[in-house]
Each structure stands twice: as structure tokens, then as C-alpha cells.
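Have a look at the structure below before the remarks.
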Amino acid sequence: MTDAPLLEFRDVGIAYATRAGEVPVIPALSFRVSAGEAMGLVGESGCGKSTVALSIVRYLGRAGRLVRGRILFEGRDLATLDDEELRAVRGRRIAMVYQDPMASLNPVMTVGRQLMEVPMIHEGVGAATAHARAIEMLREVNLSDPEAVMARYPHQLSGGQQQRIVIAMALIAEPALLVMDEPTTGLDVTVEAAVLDLVRELRRRRRTAILFISHNLGTVVRVCDRIGVMYRGELVEEGSIRQIFTDPRHPYTRGLLDCLPVLGRDKRYAPLVPIPGQLEPALSRPPGCGFAARCIHVDRARCTSAPIPLLPRDGARGHRVACVRATELAPWARRRAEGTAADAAVVSDPVISTQRLGKVYHARSGLFGAGRAAVRALRDVDVVAVRGQTLAIVGESGCGKSTLAKVLTGIEVATDGHVTLDGAEIGRLGVDGRSRELRRKLQMVFQNPDSTLNPSHTVGYAISRALRRLRDRAPADPSAGVARLLEVVKLAPQMAARKPRQLSGGEKQRVAIARALAGDPDVIVADEPVSALDVSVQATIVNLLAELQAARGTTLVFISHDLAVVRYLADHVAVMYLGAVVEFGRVASVFAPPYHPYTEALLSAVPVPDPDRQYARILLEGAVPRASERLRGCPFATRCPRKLGAVCDDTPPPVQRLPGGHHIACHIPTAELETLQTALVEPSREER
Amino acid sequence: MARFFAKHLAFLLLTLLVVSFLVFALSEFSPGAVARKELGAYATQEQVDLLTRQMGLDRPLPVRYAEYLGKAAAGDLGYSARFKLPVKDVIGKHLGNTALLAALAFACIVPLSMLLGIAAGMRESSRLDRAILLFSTVVASIPEFALGVFLASVFVVWLGWLPGTATLVAGGGWSVATQLVLPVAVIVLFDSGYVISMIRASMIEVMQRPYIRTAVLKGMPLRDVILRHAVRNAMINPITVIMLQINYLIAGVVVVETVFAYPGFGRMMLEAALFKDIALVEAGALVAVFVAVATNILGDLAYMVLDPRIRA
């Protein structure tokens, strides 16, 4: 690693021209990536990591400008290249993989053509050679039946397949550097795990250097050797994976690690610690440390007077920190669960429950709606949410968890079975058919607060409207009610006058929660409420939900694909696959053997932000079958790594009941499952 | 694909049936009115009644409509009172003239709009974009008759290069080809302004899509990025609107035909309506509806050809 670096940022400054003037997004950034090395850049949204990625290929748009410093690639200053030379670097020497693979592929061109273009541009080879190369490359990214895949259009492929195509397209010209910008964000956890494994494997085989940009420390660990942590356009800490994870020296790095939910964490014993405050706009940049305003270790006199240099640490090669107190801080310790979850609380007081709940969609097709294809989105779902506790619903996209949320809240109505709220049947009641009292009792929080808040209404109006509509009589002083609710979700009362566009993502989600709380509901159904948020913001919202529940006794139905968050927040968990609940129970029992084989696969795919803990992985083969197929046996049979044989295909699995209300729908006896499934053990249990 | 055609064909027939009935009912609802229209204001009531009986107009409306449909299916659309010819021949001649004008105009509008729209949308707010935007806005906002008069005063009155009328009769020393230049130019200028801005807007949007970034960062020259990746995507949204221009070109260029005394379909309809030539109005309305629905189908078809995502 001492030889000349492949990529070097030398004191690089990048600014964007905006109406408010030129904004220095990157004030001064220096780092190096050696040939064959994998470096991760981590930080929250707005920290400038994508700008770094795009500056490497000189694609900053017309507003972006390199204002100082040099970006050297293979010893050449990229800014000095003319168009021709730049094109020879793009795609050939530096290739990119992007966040949203569907959007990154041309929708009207077959993926084969898009792949073939790369060698045709850079090596001038003919179509036949390019075709052969593309097929070979598709094989290398583990796509089965490459010939058939070549002829497909992007929309005919799954998200995981699309990302493999993008990776294949990046690697087909054998670049020296692969820049990956959030390559797994938005993919299902199982797909993400497979893509990360592929990247690791390809890297080992091809010795391509990687600059891996992500907001998720867990994914970076799986791919990289080194990590740079970015905050407000600056590198605040840089070091090997081990240095960063075992001895983080910068308070921001520590903050990121502390607010990250990991599988062993539980709201009762290892609370997430959010980073206080929020990212300030890049426009105003005070002298000194950019993180000072949010730092719990701040020493005003030293931290905010002069720029803080990124200095190497003594005795730790390659570890650099930009903090004046780096050596003074006490050693960091990973927070761990300290006790066992109280198993005393048994299912006692169900608030909302479903009995053999089913939902069938009839997709209309044909001239007069003749050929009706039924999609079975929910089949025989039995779940119970206990008063004052959290029921989490987990599963991959398409497993029916959002449909379940919709049926509970009345956006959709059930076609079979029952939904019971406080003893009353509500499964067939749509939102419009529900009484005011029922609507008050059951409220919903959605994934994307942007699309649920009317942009032309103030926060105060949105909340007071909910107050009016959900209370029997108009409150005497609506603004007092609004202020009280804002206080509950920890927003300043002045926020009432703001419009949604003046709020950050986390603030918007708080407003959405405040609105749901307006009628003092018994049950809140939250569909992926934190998925669109940064980790530190996510931590505050998750904590807020836990606190509200503790204070008000609200029952929470929490829909999520993130098992670490679910482990943290939930009391009961239902694992769904293809519209069916395959496992249900208390969170501690579901997250410990014996598991349903699907739960086991999901758990094994969760990124673990800890270099010492790389679990055995269970990769799911094949794709999720269509929910319309008639199922005779177990829904998971087509992909189950522990499939027994024909019995799984033909016979519905028995529901095995374990103590503590834990159910597993599987043909394999639970005793046998328990002996098989020892590879994945929760960290907290391992230590005990 | 077969299902697509079956579905749309059924829709086309249904529309034709409904429209023909509406037009028929509106113009022939009161039996006396038809004969009155035929004979004019100075005929006596006896004459009107006689003609009404002779024409069988005293029978109930559904009966007459069924008879009309039967004849129409056999190719007999009636007799034009204005042109003193069978309706079929009148429509055939005028529609042919209009088709010629429309085809020439369409053949200019599409390439011109694509070229300018794509060149403009390629780099939003570049100097080229601003120039094209100005041009398209100006030509689209001048009314057709003003544009016609303006071009005529320059090329006919002032320069004397072209004839001021396009009667399609090779007289006065002007060939038919020279007669067509001005009407085509007016239509192309007026209509392109609109189509250019449609394509430009779509192109601007496409150029900001991540797949364009993917193509650029593959190291592809900008020309190839535009031609191979951007153009087809940029044409997906405007294509249905472009196809709808055919409808306008055939049934909606009355003003231009009038300005240049062009014997086209639009002017024929106008005359038929003013003259109360009921048989011609009825048949002309059917043709117009047919063109409207058919261009819609063409638009859908073109959309499917361009965008593989909606091919089911």
C-alpha cells in the first residue's frame, strides 16, 4: 500500500452554485485509494459523499465546480483531461454502480445491448465479440441463463438482477476503480446480502479497487478494508475497519455507531443513542469543527476557533482523526444488551388481532374484465397485538405486510377472515365506513412523510385539522392542542407555522406522528416509518415511538423490513412470506433458535456493523414466486434451503406451538430446527 | 397484439355508431326541417310537406336511421345539395386534396420538430435552447390566418415568388407544386411550434434521468448518448400527441384552406354546414370521427412500439 495511489484527492474543494450563492459542499478533502483496495465512505445524507463519487468521473452537473485542489487518478489530474481522454477513463478505467438500478438502466433497450455497448465503445470490438463478453460477464455475476437475460428489458428483471446487470456493466471493461454509490440501498435485505457477497467475491477475483459509498456501516464492513467517515463534506475520521469499529476516536463516528440498531439490541436494555441536533446547512460554515454544535464532548475554546486538521494517531497506522480531543476521549465500548428480556408478559390483553385474515385482489384484464387473475396478498393471517406493546410485521417486499397494514386501517377491506379491535369486527369496514370513534382509536403513520403532508398547509393546520376531525367536539383552543402535540413529539411550538418543505425528513415524520396522536389513539399502525430516514434520525424517531408507547400505553403495529429495528422496538414479531405468517412470537423467541427457515435466512442476511462477527450466510435461491399461484404446500418451499422434499410442496405445514405463544409453520420438528440452527446466535446470548 | 386490435376496432365501430346516430338525430329530428332546409325560406308549406312525404321523412327517426345506416354500409351516402354530386364523390375529392396537404405537412412537421425539440432539450437553457424556444413560442402564438397573410404578403405580394391561392388548378402560370408551398409552410410553422415544445420538455426530463448518466459515464460520446439512449425515450411521451396532429391536419385546417382557397375537407365541411347540406354534413362528420379515433389507435400503437414496458 505504499506505492503510488490509484486515486488521490488532494485538498479538494467542491462548491455548488445556488440562488443563495456558491455553497461549499466539500471544503477541503484529502484521501487516497490504492490499487486493489476497497475503501468505504460513510456519512449521513447531505454529507457530500455522492458529490465525491461524481467528482471522480467529473460529472458534477453545471452547478458543481471544483474550486480548489486536485483529483489524481493513476497519477493524472482529472481536471486536465480533454473530452476524448475523459471518455477513455469513464467506463474503461473508472466505472460506477448506482443506487437505483432500475433507474440507471435504459428502460427501452435490452440489457444485453446496454452491456455490449461498453466493450464496443472502448475496445472497438464487433457485436459478436461484445455479445460473448457480455454473456461471460453475466455468468460471472451469477445470473442464471445469461442468454435469456440478455434479451430482456430492465423492467422484466427483479431489483437484485438489475443491480447485477449494473455491476456486470461496470466490470465488463475491467476498470481499475469501481465507484459504488449506495449500491444496495432500496434492495431487500436478502438481495442486499447476495449483492454484497457478489461484490466481495468479484473483488477477490479481479483485484479491482473499490470506493464504496454508503450510509450503512453494516454494508461497508462486508466489502471494505478501510473506512472514511464524512461529516459536512469533511473527512472526520479514517482508518481500517478494525480501527474504526473497535477504537473510534471521533465523536461523530461514535455517534453513528451508537445510533445504529443491531440485532442484539433491545429498547429495554440497550437504548439507541441518537446524535443530538441535526445537520446544519452547508451555507454557513463556522470556523473549527463542523460537528461542534452537536458534539457531546465539545470544548468550545479549542473546537470552534481554528480549523481542525485530520491528524494521524500515534501508534495506529493509517488511522487519522480530525478532533482536538481525539486522544482525551475515554475508550469506546459497544453497547450491549445487559439482561434478558422479561418473559413474564404473556399475551393477556389483545387490542387488535386477526383471525384467518385473507385478502384477494382481482386483477382485471381482457376486454370486459373477463380473464380475472387472482392475487392472494394475504392468506390465513393470525396475529395479535397486545395493549401497550409493539407488534412488528417483517418480511421482504411483496410479502403482504403493507397489505396487512392497509386492511387493519381500512384502506383495503378483508376478503376472508376477521380483524378484531377491542372485541369488535372491523375487517370489512373501509375507512369511510368507520365511525369517528373507530378512526380515532386506530391511526396510521406512513413511510414517506413527504407524500402524506399537504405541502400547502402549515404544520399547525394539519394537526389542528386532525384534532377537529378526531375529537367529538372542537377543542376550545386548537393552538394549545397543536402546541401540546408538537411538544409530545419534541418539536418546538414555533414549528406550527412552518410548511412541510421547511422541515427535515425527521421533522416531517414527527409531524406525521403528532397528527396520528391527535385523537389519542389506542393503536398506531406504522408502515415502514423510519425506512426513508438517516440512521441518526431513525434512532430519534424509533426512540420517540418507544417513549410515546411507554408514556401513553399506545399499541404499535410496526411494519418494517429492517430486522435490527424490529429487534429493538418490538415485543411480538410476525414474519411474513407470500402473504402468510410463517412465524409468530415474542421477539426474543423469534430471534433465537428454533426459527422458521425463512426467519433464519432473513436474520443471516442482516448486515452486522462489526468486523468480528461475520455470520454464516444462508442465501436464498430463486425468486419469490407470484402470489397468484395456487399453493398446496408451504409458501416458502420453492426457496427453502432446508426443504425436506415433496411433503413441503404438497402439504400445508403444520403450525407448531412452542411455549410462550411462539408459532412456527414448518414441517421440520422444532426440536430438529433448534439443533440445526446454531450458526446464527444473537450476540447478547453468545456473551451470556 | 391481436387483442389490442380487436379491442380498438370494437371501440372505433362503437364510436362511429354513436356519433352517426347523434349527428343524424340532431339534423333530422324534426321532419319538416330537412325539407325546409332543402327548399329554402321561400317555399310554401305545401311544397315542404310534399317533399317531406316524398323523401319518406315523415317516418319515425329510428326507422330512417336504420335505413340510412343500411345505405351507408352499401356505400350510398346520399346526394349533396351544395355540390350537386353524390356525397361519396364530393368527400372523396376533398379528402384526397386534404390528405395531400396533410401528408406534406406531416412529413415536414415530424422531422423538423424532432430535430429542433431534441437539440433544444439536450442542454436546457443553452443558447441554442433559448433560440429554439423563442422560435417555437413565436410561431405557435401567431394565429394561422395572420401567419398566412404575413407569408402571402412577403412571398406573393412583395417578392412575387409564389401564388397567393392554391386552388389545385394549374392556371395562371403557377404549377400545383408551387401552389402547395404556402399552405404547407403555414401549417408546418404553426403546428411545429407546439410539437417542438412538447418534445423539448420531454427531452429535458429524459436528459436528467439516471440512465443518461449511466450512458455518459460509460464513456460514450454525447452524440451517441443522445441518439441511442435519449431520443427514443424522449419520444415516448410526445408520440401520442404527434399522432393526434394527423387528426388536426385533416379536420382542423379550415382557416388555412380558406385563406388560400384550398379545396380541402375542412372548407367543404364549413360550406356544407353553412349551406345546410345535411347529407354531406352527416357523412363528413363520420369521416372526421373515423380519423380522430384512427389516429388515437395509431398513437397507442406507436406508444407500444416505442416503450417495451407497456407491451403486455
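Summary of computed values
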{"item": "Residue count, the stretch B:214-265 (criterion: under 12 Å from the mean Cα position of the chain (by Cα), assigned to a loop (DSSP other than H, G, I, E, B) and surrounded by fewer than 23 Cβ atoms within 10 Å (Cβ to Cβ))", "result": "1"}
{"item": "Residue satisfying condition, being within 14 Å of chain A (Cβ to nearest Cβ) and either more than 30 Å from residue B:302 (Cβ to Cβ) or exposed (fewer than 12 other Cβ atoms within 10 Å of the Cβ) (or both), within set B:43, B:6, B:73, B:81", "result": "B:6"}
{"item": "Selected residue (only one of A:408, A:404, A:438 is modelled with pLDDT under 90, open to solvent by less than 40 Å² (accessible area, probe 1.4 Å), not aromatic (Phe, Trp, Tyr) and not in a loop (DSSP other than H, G, I, E, B))", "result": "A:438"}
{"item": "Of residues in the stretch B:176-189 being surrounded by 20 or more Cβ atoms within 10 Å (Cβ to Cβ) and over 15 Å from residue B:250 (Cα atoms), the one modelled with the lowest pLDDT", "result": "B:179"}
{"item": "Number of positions in the stretch A:34-49 that are in a loop (DSSP other than H, G, I, E, B) and either open to solvent by 10 Å² or more (accessible area, probe 1.4 Å) or under 18 Å from residue A:185 (Cα atoms) (or both)", "result": "9"}
{"item": "Matching helices (runs of 4 or more DSSP H) fully within the stretch A:228-333 where at least 2 residues are closer than 30 Å to residue A:566 by Cβ and touching a residue at least 12 places away in the same chain (Cβ under 8 Å)", "result": "A:241-246, A:251-258"}
{"item": "Criterion violated by residue A:138 - all others in (1) more than 25 Å from residue A:195 (Cβ to Cβ); (2) of a type in the set (A, V, I, L, M); (3) more than 13 Å from every other protein chain (Cβ to nearest Cβ); (4) open to solvent by less than 10 Å² (accessible area, probe 1.4 Å) satisfied", "result": "(1)"}
{"item": "Filter result for the condition that a residue is open to solvent by 40 Å² or more (accessible area, probe 1.4 Å) and of a type in the set (A, V, I, L, M), over A:539, A:546, A:550, A:516", "result": "A:550"}
{"item": "Check on residue A:4, over 31 Å from the mean Cα position of the chain (by Cα) and either surrounded by fewer than 19 Cβ atoms within 10 Å (Cβ to Cβ) or under 30 Å from residue B:205 (Cα atoms) (or both)", "result": "yes"}
{"item": "Options B:13, B:26, B:50, B:112; residue that is within 14 Å of chain A (Cβ to nearest Cβ) and open to solvent by 30 Å² or more (accessible area, probe 1.4 Å)", "result": "B:13"}
{"item": "Matching residues, the stretch B:207-223, being facing chain A (nearest Cβ under 8 Å) and of a type outside the set (Gly, Ala, Ser)", "result": "B:209, B:210, B:211, B:213, B:214, B:216, B:217, B:218, B:220, B:221"}
{"item": "Any hit, the stretch A:161-170, residues being more than 19 Å from residue B:215 (Cα to Cα) and open to solvent by less than 30 Å² (accessible area, probe 1.4 Å)", "result": "no"}
{"item": "The lone exception for residue A:118 - which of (1) farther than 17 Å from residue A:178 by Cβ; (2) open to solvent by less than 10 Å² (accessible area, probe 1.4 Å); (3) within 11 Å of chain B (Cβ to nearest Cβ) it fails", "result": "(1)"}
{"item": "Residue check, residue B:203 assigned to a helix (DSSP H, G or I), under 29 Å from the mean Cα position of the chain (by Cα) and either without any contact (Cβ under 8 Å) to a residue 40 or more places away in the chain or within 11 Å of chain A (Cβ to nearest Cβ) (or both)", "result": "no"}
{"item": "Test result for residue A:155, away from every other protein chain (no Cβ under 14 Å) and either open to solvent by 10 Å² or more (accessible area, probe 1.4 Å) or in a helix (DSSP H, G or I) (or both)", "result": "no"}
{"item": "Test for residue A:144: is it buried (at least 18 other Cβ atoms within 10 Å of the Cβ) and over 15 Å from residue B:309 (Cα atoms)", "result": "no"}
{"item": "Residue selected from the stretch B:266-312 under the condition within 14 Å of another protein chain (Cβ to nearest Cβ) and in a helix (DSSP H, G or I), by the criterion modelled with the lowest pLDDT", "result": "B:310"}
{"item": "Residue B:99 being of a type in the set (A, V, I, L, M, F, W, C), in contact (Cβ under 8 Å) with a residue 12 or more places away in the chain and touching a Lys or Arg at 6+ places or on another chain (Cβ under 8 Å)", "result": "no"}
{"item": "Per-region count, the stretch A:71-86, residues part of a helix (DSSP H, G or I), within 12 Å of another protein chain (Cβ to nearest Cβ) and without any contact (Cβ under 8 Å) to a residue 24 or more places away in the chain", "result": "3"}
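The values are calculated or read from the model by the stated rules, or taken from the named source; none is laboratory data. Keep in mind the model is a prediction, meaning the values are calculated, not measured. Cβ coordinates were reconstructed from backbone atoms using ideal geometry, including for glycine residues, and neighbour counts include every protein chain displayed. Keep in mind that these areas ignore ligands, DNA and RNA; they rest on the heavy atoms of the full protein, side chains included. Shrake-Rupley method; radii C 1.70, N 1.55, O 1.52, S 1.80 Å.
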